[in-house]
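A.B. asks: I'd like to ask some things about the structure below.
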Amino acid sequence: MTIQLPEYLYHGTTINKLHKMKERLGNREYWKKGKDFGPGFYTTVNLGQAKRFAKMKCRPNDYPCVAKMKILDIDITKITSKVFIGASRDWSDFIFKYRIEKKSNSSYALIAGPLADNDMRDVVLECRTKDKEWFYRKITSTTTGEPKEYLGDQVVFTDETFINDFLIIEGWYLKNTKGEWRYETNKEGHSRTV
């Protein structure tokens, strides 16, 4: 199977963190645990989704920001990857393995698939006494049993070297005090670590 990555990816962050990202994009010390696919650099193909995440991450004395990253030519057949086209039992089991069983995702440099939920904390806590089938139903169905609406996608990089070799920050969207987003080009050129 051939996987074609998009030309651009977006990462919702804040101005203060953007300055650190420009110094070194792939930096494991900033990767948080408790994510669907484990620790990694989380991106999306959807600018609107990245803007929502940037707003959620923002703290006082900081501003939401979305980094726009260009993907350089990658022969994806040379890297280990796991791609989920949509919600499935395999996708749910993969998330269960990391979030509930606390297993590692380190065998993949790139993982892509749908978001499970924007707030999984209660599900994870309750799931400690449940099984994989309960977890699957909980993250794919509403309380009335209807399928959940699509929450968005995620493309996750778990290898620092890979990120620094194949992603460059081309520019960023900044949200000002009036609530307007503006785009700025990265005038410094490539923000890759050499």
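A.B. asks: Just name the residue that is nearest to N186 (Cα to Cα) out of those in segment 117-147 that are of a type in the set (D, E, K, R) and surrounded by 15 or more Cβ atoms within 10 Å (Cβ to Cβ).
C.D. replies: Initially, segment 117-147 is screened for residues of a type in the set (D, E, K, R), giving 117, 119, 121-122, 126, 128, 130-133, 137-138, 146.
Checking the rest, the ones that are also surrounded by 15 or more Cβ atoms within 10 Å (Cβ to Cβ) come to 117, 132, 138.
Working: D117: 32, K132: 44, K138: 42 Å.
Among them, the one singled out is D117.
A.B. asks: K51 is checked against (1) without any contact (Cβ under 8 Å) to a residue 60 or more places away in the chain; (2) under 30 Å from T142 (Cβ atoms) and fails just one. What number does that condition carry?
C.D. replies: In the conditions (1) without any contact (Cβ under 8 Å) to a residue 60 or more places away in the chain; (2) under 30 Å from T142 (Cβ atoms), K51 misses (1) alone.
A.B. asks: Go through segment 80-100 and count every residue that is more than 18 Å from the chain's Cα centre (by Cα) and not acidic (D, E).
C.D. replies: 3
A.B. asks: Same structure, new question: I need every pair where a residue in segment 19-48 that is more than 19 Å from L5 (Cα to Cα) and touching a residue at least 60 places away in the same chain (Cβ under 8 Å) has its Cβ under 7 Å from the Cβ of a residue that is assigned to a strand (DSSP E or B) and hydroxyl-bearing (S, T, Y), sequence separation at least 6 or different chains.
C.D. replies: Every condition considered, the pairs that remain are M21/T13; K35/Y42.
A.B. asks: While we're on this one: As an exercise: evaluate K82 against (1) surrounded by fewer than 15 Cβ atoms within 10 Å (Cβ to Cβ); (2) assigned to a strand (DSSP E or B) and give the number of the one condition it does not meet.
C.D. replies: With respect to (1) surrounded by fewer than 15 Cβ atoms within 10 Å (Cβ to Cβ); (2) assigned to a strand (DSSP E or B), K82 is out only on (1).
A.B. asks: Related question: Only residues that are over 19 Å from the mean Cα position of the chain (by Cα) and closer than 30 Å to I163 by Cα: list them for segment 101-141, please.
C.D. replies: E101
A.B. asks: Also, I was wondering about something else. All but one of (1) farther than 18 Å from K70 by Cβ; (2) surrounded by 14 or more Cβ atoms within 10 Å (Cβ to Cβ); (3) without any contact (Cβ under 8 Å) to a residue 60 or more places away in the chain hold for L110, so report the exception by its number.
C.D. replies: Here L110 meets the rest and fails (1).
A.B. asks: Considering Y42, Y30, which residue is loosely packed, with under 15 Cβ neighbours inside 10 Å, of a type in the set (S, T, Y) and at negative phi? Please lay out each step first, then the result.
C.D. replies: On the way: Y42 fails: loosely packed, with under 15 Cβ neighbours inside 10 Å.
Residue meeting the stated conditions: Y30.
A.B. asks: Okay, next question. In segment 148-178, which residues are modelled with pLDDT under 90 and of a type in the set (A, V, I, L, M)?
C.D. replies: L151, I163
A.B. asks: Another one. Scan segment 11-25 and give yes if some residue there is closer than 22 Å to L174 by Cα and acidic (D, E), otherwise no.
C.D. replies: First pass over segment 11-25, keeping only residues closer than 22 Å to L174 by Cα: 11-25.
Adding the requirement that they be acidic (D, E) leaves 23.
So far as segment 11-25 goes, yes, one or more of its residues are closer than 22 Å to L174 by Cα and acidic (D, E).
The values are calculated or read from the model by the stated rules, or taken from the named source; none is laboratory data. Note that the structure is a prediction, hence the values are computed from the model and not measured. Positions of Cβ are backbone-derived with ideal geometry, glycine not excepted, and every protein chain shown enters the neighbour counts.
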